[in-house]
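The values are calculated or read from the model by the stated rules, or taken from the named source; none is laboratory data. What you see is a predicted model, and the numbers here were worked out from it, not measured in a lab. Cβ coordinates were reconstructed from backbone atoms using ideal geometry, including for glycine residues, and neighbour counts include every protein chain displayed. Ligands, DNA and RNA are excluded from the accessible area calculation, which covers all protein heavy atoms including side chains. Shrake-Rupley method; radii C 1.70, N 1.55, O 1.52, S 1.80 Å.
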Amino acid sequence: MESLMKIEIDSALMTKIGVNEKEALEFLAIALYKYKGIHGSLAGKLIGKSEFDFHSLLAESGEKVNYSADDLIDDIKNNDL
């Protein structure tokens, strides 16, 4: 059985910050990608998007997309393409 992680943040605080739930999740995915080195496909799954859509989000956010030949090989092996 899968377990879920739930993160609760006070709505008033999020309003003060100016971020909605979708944006907060996108920021989390980008941060995990940048600072923890998770694969783009995992970051995409975190926000309910494909790896390529996640890469588009990175580009829109002004972040670099790190996609190497090894990433391509992994995607082919895992049928993520």
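Would you check if there is a residue in segment 40-60 being touching a Ser or Thr at 6+ places or on another chain (Cβ under 9 Å), aromatic (Phe, Trp, Tyr) and in contact (Cβ under 8 Å) with a residue 24 or more places away in the chain? Checked against the condition, which is being touching a Ser or Thr at 6+ places or on another chain (Cβ under 9 Å), aromatic (Phe, Trp, Tyr) and in contact (Cβ under 8 Å) with a residue 24 or more places away in the chain, segment 40-60 yields at least one hit. Residues in segment 28-43 that are at pLDDT 95 or above and either open to solvent by 60 Å² or more (accessible area, probe 1.4 Å) or more than 22 Å from Glu8 (Cβ to Cβ) (or both): Leu28 only.
Is one or more of the residues making up segment 64-73 of a type in the set (Asp, Glu) and open to solvent by less than 90 Å² (accessible area, probe 1.4 Å)?
Checked against the condition, which is being of a type in the set (Asp, Glu) and open to solvent by less than 90 Å² (accessible area, probe 1.4 Å), segment 64-73 yields at least one hit.
Scanning segment 44-60 for residues being open to solvent by 60 Å² or more (accessible area, probe 1.4 Å) and either in a helix (DSSP H, G or I) or at pLDDT below 90 (or both) gives a total of 6.
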